[in-house]
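Pasting a structure below so you can have a look.
The values are calculated or read from the model by the stated rules, or taken from the named source; none is laboratory data. On a predicted model such as this, the values are computed, not experimentally measured, just so you know. Every residue, glycine among them, receives a Cβ derived from its backbone with ideal geometry; neighbour counts consider all protein chains shown. In case anyone asks, the SASA skips ligands and DNA or RNA and just uses the protein heavy atoms, side chains included. Shrake-Rupley method; radii C 1.70, N 1.55, O 1.52, S 1.80 Å.
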Amino acid sequence: KSAEPNRTNLFEATTRMDGEETLLAKQTRKGAEWDTLSPEVRQRFNNSPAVWLRKALEYSLRHQVAWESSLVKDSVPEKRYYQEMLKVSRQYLMLYPYHVGFALADILQATPFKYYTELMVDVIQNQKSYDTVPNFTAADCVRLLGIGRNQYIDLMNQIKVKSGWTSFFSGGKRQNPRNFLPTEVIPEFALEYWWLPRIAFVSVEAVENSSRAEHAIIDLLIKQKDYETSKRITCGQLPRDVLHSLYRRGLVFIDVPVEDEDQIILPPLANFVMNRVLGDYLESLLYQIFVSIDERTTIQQLATVLQLERQVVKTAVSLLCRLGFATKKSLSSASAVIHRSWENYVPAFGEKRILEGSSSLGAAASPREGTLHDPSRHSTTASSHSSALHSTSSSSLSSSSVISSLASHSAEKRIAFVFDSKLAAFLMMGNLGSGLKSHAVTLFERGKMAEEDLAPFLTELEKVQEVDEDEGEAIRYFRHAITLRQTLRALRTHGPVDMIRCESMDTLDPSTRARLLQKNYKLLISMAPLSLSGNGEHQILSSASPPHFGPPIAETTSAWFKLFVYHSSGYGPDAVFFPRGCRVTSLPATLSQHERLLVHKWGAEPAETSASLILTELNDALRVGPVLLHAYSDDVIDVPFPLVSCELSSPSPSLTLSSPSPGHSTTRSASELSSHPCLVWLNEHLHLSGSVGYVRFIRLSTTGAWVPIDIQYGVPLFDAELNVHVTNSLSLRKLFDPENLTLHSKSMRRVCLAMLRFMEEQQGESLPSTVSPEAEGEVAYPNTTFIFEQGKLSRCASLAGVSQS
């Protein structure tokens, strides 16, 4: 079948490819040969057919391209090609290429079990740690070989003891690792009843060593070898123990069928191995599917959103199902008839039709187990006894109330709560409870938790209690868990909620990200603060549609936004914004009077430091990026918004950034700060009355004045009182009403435009707009030193103690 127009195929389904790889991907897709290449393309390969062939072979093997689809099929024999593919795949510790698995099993007798056995031998012989095995590869090793982190450590210790410790480490004679590895697939290996068995290479010796029951299944599968997928028998229609035995012996290959109209469930991750990310084409695709798929969307619809060929998406989803990380929501009629031996392995077994009657396997299966229908009658029988089945884990749907609410919400757009990797890490740490860790792994690795899975997650969060102040750093973990629980409760009163990790969304290109958000969500709301780099990579923040209650563009998470607030309002701490590459030998006079300083490194969280110790740290940071340095004190107050307690003038219809006269306030409490002149200005110009977040004030030790140092849009999770104020305001202020959503989007767009205009004016050059969610680009570095003092911002190309690059 020809590739669909304007879609990416399997060879292009990777997040970042260099120019040569992109070119080879396109030529692979077209099935190009050297004689058909344009002069420009030939030039890229030195006008040499040999260079072209070598590069094409390297690309095809690294991307596990099927031989018949590769650019080298006329030059490299099929058997040799697949031998090299397995060699390269093992070298890079890649997943077994299941999409060409039948060819590998048929031509080379290279089953997944044999592949991972050799891969594990390589890892052991090279004395690599278990953490070097990539996540998905490690998960498949656990599934087939039963070797996880603890088992691997035990294996290494056994080999060292048997070899002798001195001999092992000195490179002397060692025990063969194969002697310590399993000789066949582990008994606990799981087969799903809706999967499709397929005969692999079967030798005469293997048949002779088979039981009557195994022989009968082999004969049946041989007869079905050329059947269409829809007419093939399922695993669930065969005696389970017999089929299991054949698979463990490598005589049967398993297909995991996925169709266009299938909807997929992703239950909380179990048995996921958190090692490292390899970054190959297939792993990147799997992570994109993780964060994109939901059980309301069909495979065909998902392919449209991702702009990938349907077969690409099917391949990835099939693999996730094989690894146990996904399953079909509603199984087709082909799985409605089940052999009795599957009774303890099939959900809702009693609702399925039990196989009765005679068949070619009648002699092989005992009457007690039941027998199989004639395969030729399979399609008709199955379709007449179809049964819908939601095959999800018990933890995914834990109460009837949740199930009924999900039914009514199935087609409704949801609220997306945007979190970052730090929150997931917090939930994994401390003594928060073992039941919470698997959910935290799901949040981090999948990058998403759908409404359907929130009930069991909230149940685990309910178990987290406040701890004493003397718990140290652990207080932060407990506090975030508790405020997260409160936040999710509040959000769910406004409709179904999905949690999405901003770093995972970053794996999608901007246009795909925008399509996905617009398709699934009516609004986004972020935690605050988000741990973001200042280079604009997390473009999920740039969402005008759906409306976003969080940082509107990446620039608002950078040091530029602080200067924008200080300059435009006339209030802020003494500050210096150093450009990248400059060297500071002494602090500018603006900062020399302050004992405590806050260092805002580019793309990192601000950190407090002593003025007397700053120079070394500052100069190290300036080698890699700009740094904002400003006065700081330990006297800090966070004022939450939307502001409800202060008397404010009516919001201005336009954002005219005229600075009020600078002055100092002597207020000493949060309630008094609510009437601070700066807050009046911020509310009018930065839409604080219709958004959520907090303004951080400090009291300067030099003057006693309260000044703002930061504004964060979103729901704060680090403080319970702030969190309660903000989450209660969602309903009290009707922030999610359609009228306010429209106003919010318009107001935040004005804020963004004013922010970008400010940067242009200060830099003296035009900057690309990033207001559009499709826009790409990094936040601009400052091109000179900026100083904020006495309520005014100024450029300073020459400054004592500072040498420009």
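Go through segment 730-767 and name the GluC sites (Glu not before Pro) that are in a DSSP coil and have 13 or fewer other Cβ atoms within 10 Å of their Cβ. Please report the intermediate quantities before stating the final value.
Numbers: sites: Glu739, Glu760, Glu761, Glu765; in loops: Glu765.
Taking segment 730-767 and a limit of 13 other Cβ atoms within 10 Å, the loop GluC sites (Glu not before Pro) found are Glu765.
Related question: Quantify, in whole percent, the carbon and sulfur part of the accessible surface of segment 179-324 (1.4 Å probe; protein heavy atoms only).
Summing carbon and sulfur atoms, their accessible area is 45 percent of the total for segment 179-324.
Follow-up. What is the gain in length, in nm to one decimal, between Gln804 and Phe718 on full extension, counting 0.36 nm per residue of separation less the C-alpha to C-alpha distance?
27.1 nm
Now, a different point. Could you name the aspartates and glutamates whose alpha carbon sits less than 13 Å from that of Lys792, not counting residues in the same chain fewer than 8 places away?
Asp574
Out of every Cα-Cα pair in segment 36-139, what percent are more than 18 Å apart?
Considering segment 36-139, 53 percent of its Cα-Cα pairs are separated by more than 18 Å.
Sticking with this structure for a sec: Val277: accessible area at probe 1.4 Å, nearest 10 Å²?
90 Å²
Express in Å², to the nearest 10, the accessible area of His567 obtained by rolling a 1.4 Å probe over the protein heavy atoms while all chains stay in place.
Rounded to the nearest 10, the figure is 60 Å².
At R0 = 51 Å, how high is the FRET efficiency between Lys79 and Asn150 if r is their beta carbon distance? Nearest 0.05 is fine. Don't jump to the answer; show the numbers that get you there.
On the way: r = 38 Å, r/R0 = 0.75.
Calculated transfer efficiency: 0.85.
A further question follows. Ordering Met449, Met274 by accessible area with a probe of 1.4 Å, largest first, what comes out?
Heavy-atom accessible area, descending, gives Met274, Met449.
Another question, if that's okay. List the residues whose amide H sits under 5 Å from the amide H of Val627, counting only those 5 or more places along or on another chain, with H placed 1.01 Å from N in the peptide plane.
The list, which skips near neighbours in sequence, is Phe578.
Here is a further query. Based on a Kirkwood Rh over C-alpha pairs, give the Stokes-Einstein translational diffusion coefficient of segment 111-155 at 20 °C and viscosity 1.002 mPa s in µm²/s.
Numbers: Rh = 10.4 Å.
After rounding, the answer is 206 µm²/s.
In addition: Summarise the accessible area of segment 584-634 (1.4 Å probe, protein heavy atoms) by the percent that is carbon and sulfur.
Values: 1110 of 2290 Å².
The nonpolar share, carbon plus sulfur, comes to 48 percent.
At a Förster distance of 56 Å, what's the computed FRET efficiency of Ser545 paired with Asn209, Cβ-Cβ distance as r, to 0.05?
0.30
Something else now. Loop-only trypsin sites (Lys or Arg not before Pro) in segment 439-512, please: DSSP not H, G, I, E or B, and at most 13 other Cβ atoms within 10 Å.
Lys463
Would you check segment 217-351 for Lys pairs whose C-alpha atoms are within less than 24 Å, ignoring same-chain pairs closer than 8 in sequence, and give me the count?
Step by step, the pairs that qualify in segment 217-351 add up to 7.
Restricting attention to segment 665-745, which trypsin sites (Lys or Arg not before Pro) occupy a DSSP loop and are surrounded by at most 15 other Cβ atoms within 10 Å?
Sparse-neighbourhood loop trypsin sites (Lys or Arg not before Pro): Arg668, Lys734.
If you don't mind, another one. Solvent-accessible area per residue for segment 62-107 at a 1.4 Å probe radius, Å²?
Per residue, segment 62-107 has an accessible area of 41 Å².
Going down the table (Lys601/Lys746; Lys422/Lys448; Lys55/Lys79), which pairs top 21 Å between alpha carbons? Let's see the in-between values first.
Numbers: Lys601/Lys746 31 Å; Lys422/Lys448 14 Å; Lys55/Lys79 19 Å.
Among Lys601/Lys746; Lys422/Lys448; Lys55/Lys79, the Cα-Cα distance tops 21 Å for Lys601/Lys746.
So which lysines pass the test for Lys160, namely a Cα distance under 21 Å, with those fewer than 8 places away in the same chain ruled out?
Those lysines meeting the cut-off are Lys128, Lys173.
Could I ask something else about it? For Leu615, what accessible area in Å² do you get when you roll a 1.4 Å probe over the heavy atoms of the protein chains, rounding to the nearest 10?
In the full protein context, Leu615 sits at about 60 Å².
Now for a separate question. For labels at Glu118 and Gln158 in the simple 7 Å Cα→Cβ model, what's the distance in nm?
Roughly 2.3 nm, to one decimal.
Given a 1.4 Å probe and heavy atoms of the protein chains only, how would you sort Cys796, Cys678, largest accessible area at the top?
Cys796, Cys678
Rounded to the nearest 0.05, what FRET efficiency do Asn728 and Val636 have when you use their Cβ-Cβ distance and R0 = 22 Å?
The computed FRET efficiency comes out at 0.45.
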